[in-house]
Amino acid sequence: MNRRNFLLSGSGAVMGSLGVAALLREPAAAAAQQSFPYKLTDAEWRKKLTPDQYDILRQEGTEAPFTSALLHEKRAGIFHCAGCNQALYSSKTKFDSGTGWPSFYQALPNAVGNNVDRSMFMVRTEEHCANCGGHLGHVFDDGPPPTGKRHCIDGVALTFAPKADA
């Protein structure tokens, strides 16, 4: 092998690994590029949130399936963003998807936003809080009627407020 072929094959291997690494990494927070009403600095977010909440809400991480305390929450009430307390989902739209994450077939009006997520060799719909931009999870087209949507949400990204009259 001559020097030119050696250098070309080495640079090709490096470029290939960078391409694979880019596809596998967590997506660059698309929501972070947008402007939201509720804003904190990174240092303020780190102080406000637990490490797990920060990882999911601000770094687009994912909690392990079947670990959320909210997975089996069945009381009437409202699920809120753990970052800014925005009301996101009614318990009336929650269902057991069997996936291991709290799932809803519909968000409250104007509560969430969506971005295209091209990480992990696939294209998905990422969902974030419309108030603070915190990553919540993903939306899929395999949910129940009436919407046919499954909002698959990380429980760490949520808090729950039971209805006072329930």
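The values are calculated or read from the model by the stated rules, or taken from the named source; none is laboratory data. No experiment lies behind these values; they were computed from the predicted model shown. Virtual Cβ from ideal backbone geometry, glycine too; neighbours counted across all protein chains shown.
General remarks:
- Flag for Glu63 being touching an Asp or Glu at 6+ places or on another chain (Cβ under 7 Å), in a loop (DSSP other than H, G, I, E, B), modelled with pLDDT of 95 or more and surrounded by 12 or more Cβ atoms within 10 Å (Cβ to Cβ): yes
- Output for the stretch 100-130, where each listed residue is farther than 24 Å from Ala164 by Cα, modelled with pLDDT of 95 or more and in a loop (DSSP other than H, G, I, E, B): Gly100, Trp101, Ala130
- The residues of the stretch 80-99 that are over 14 Å from Gly133 (Cβ atoms) and part of a strand (DSSP E or B), listed by number, are His80, Ala87, Tyr89, Ser90, Lys94, Phe95.
- Annotation: of all residues in the stretch 82-131 being exposed (fewer than 14 other Cβ atoms within 10 Å of the Cβ) and touching a residue at least 60 places away in the same chain (Cβ under 8 Å), the one that is nearest to Ser68 (Cα to Cα) is Met120.
- Pairs, first on the phi < 0 side of the Ramachandran plot and in a helix (DSSP H, G or I) in the stretch 36-47, second of a type in the set (D, E, K, R) and surrounded by 15 or more Cβ atoms within 10 Å (Cβ to Cβ), C-beta under 6 Å, six or more apart: Trp45/Arg58
- Qualifying positions in the stretch 132-148 - surrounded by fewer than 21 Cβ atoms within 10 Å (Cβ to Cβ) and more than 12 Å from the chain's Cα centre (by Cα): Phe140, Asp141, Asp142, Gly143, Pro144, Pro145, Pro146, Thr147, Gly148
- Within the stretch 56-107, the set of residues being within 16 Å of the chain's Cα centre (by Cα), among the charged types (D, E, K, R) and under 13 Å from Cys152 (Cα atoms) comprises just one member, Glu63.
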